[in-house]
Amino acid sequence: MGDAKQNTEGLIASLSDDLSEVKPMSHPIRRVALWAVLTALYTLLMVAFFVIRPDFSIKLHDPNYVFELMHIIAISISAMFCSAWLCVPDMRGQKWMLAVPTTLFAVFTLQIILRTTMEIHDVPRLYLHHCVTDSVVFGIIPLCMILFLSIKGKTTHPFAMSFMNALAVGSMGYLGLRVVCMSDEIGHLYAYHLLPYILFGIVISMVGRRIYRW
């Protein structure tokens, strides 16, 4: 019995000789908290830099506008949490979380489609509008931070990770644009506010497996 125990301990020791110490991954909430705070501060800084739309105080009395802002914030926050949980291979057994930002985004998409079909608007001319360049400014730093956070994780769902990252960054950028841009015309919104982030999401999804591989 003693020899068997000694042999077992020797086997364990031989198997663990080449192992190096590994730092456990921090809890997803701790991982996302820093990104959320820095992204919020960066967005506020950019809003101050571009200057809040002059009629912002009036727009806050418009329930449709306030609902849109709250809706976008909810999408971004829920997608942030999903991105943090996706850094863990099994999402800590909480895959149901993905349904929250996905459902919110589906409702937002339906709202945009309904507005596009019901509101009279001109087909916008696609060019490098200043709102397009502003969307890049709003999104570039949060994008770099969330990519760094994601690469440090070990996701087994690269496409879901890409989608959640696109939602988190795109929603926050769209929020910033809605606060600084005076236009509420639906054609302007989908051409110059939404389209840049949609294209970004498509590109990230296409290369997601390469970006987030172990």
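For the reader, a short list of remarks on this structure follows.
- Looking only at the stretch 83-139, and only at residues there that are on the phi < 0 side of the Ramachandran plot and of a type in the set (Lys, Arg), the one that is modelled with the lowest pLDDT: Arg125
- Scanning the stretch 42-56 for residues that are without any contact (Cβ under 8 Å) to a residue 12 or more places away in the chain and within 19 Å of the chain's Cα centre (by Cα) turns up Leu44, Leu45.
- For the condition within 25 Å of Ala40 (Cα to Cα), without any contact (Cβ under 8 Å) to a residue 40 or more places away in the chain and β-branched (Val, Ile, Thr), Thr109 qualifies.
- Hey, Thr103 in contact (Cβ under 8 Å) with a residue 40 or more places away in the chain, more than 13 Å from the chain's Cα centre (by Cα), within 22 Å of Ile186 (Cα to Cα) and in a helix (DSSP H, G or I) or not: no
- Applying a threshold of 8 Å to beta carbon distances and a minimum spacing of six or more residues, or different chains, the list of pairs starting in the stretch 157-185 at a residue that is touching a residue at least 12 places away in the same chain (Cβ under 8 Å) and farther than 16 Å from Ile146 by Cβ and ending at one that is assigned to a loop (DSSP other than H, G, I, E, B) and not charged (D, E, K, R) reads Val179/Ile52; Val180/Val51; Val180/Ile52; Met182/Pro54; Glu185/His121.
- Residue within the stretch 112-123 that is part of a helix (DSSP H, G or I) and of a type in the set (Lys, Arg) present: yes
For (1) in a helix (DSSP H, G or I); (2) free of Cβ contacts under 8 Å to residues at least 40 places away in the same chain, each residue gets a yes or a no:
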site: Ile58; (1), (2): yes, yes
site: Glu68; (1), (2): yes, no
site: Ile72; (1), (2): yes, no
site: Ile75; (1), (2): yes, no
site: Phe81; (1), (2): yes, no
site: Trp85; (1), (2): yes, no
site: Val88; (1), (2): no, no
site: Arg92; (1), (2): yes, no
site: Trp96; (1), (2): yes, yes
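- Flag if Leu128 is surrounded by fewer than 12 Cβ atoms within 10 Å (Cβ to Cβ), of a type outside the set (Lys, Arg) and within 23 Å of Phe200 (Cα to Cα): yes
- Yes/no for Leu147 being closer than 30 Å to Pro54 by Cα and either at pLDDT below 80 or surrounded by fewer than 22 Cβ atoms within 10 Å (Cβ to Cβ) (or both): no
- Enumeration of residues in the stretch 112-125 that are loosely packed, with under 10 Cβ neighbours inside 10 Å and touching a residue at least 12 places away in the same chain (Cβ under 8 Å): Asp122, Val123
The values are calculated or read from the model by the stated rules, or taken from the named source; none is laboratory data. Small disclaimer: the values here were computed from a predicted structure and weren't measured. For neighbour counting, all protein chains shown are included, and Cβ atoms are generated from backbone atoms with ideal geometry for every residue, glycine included.
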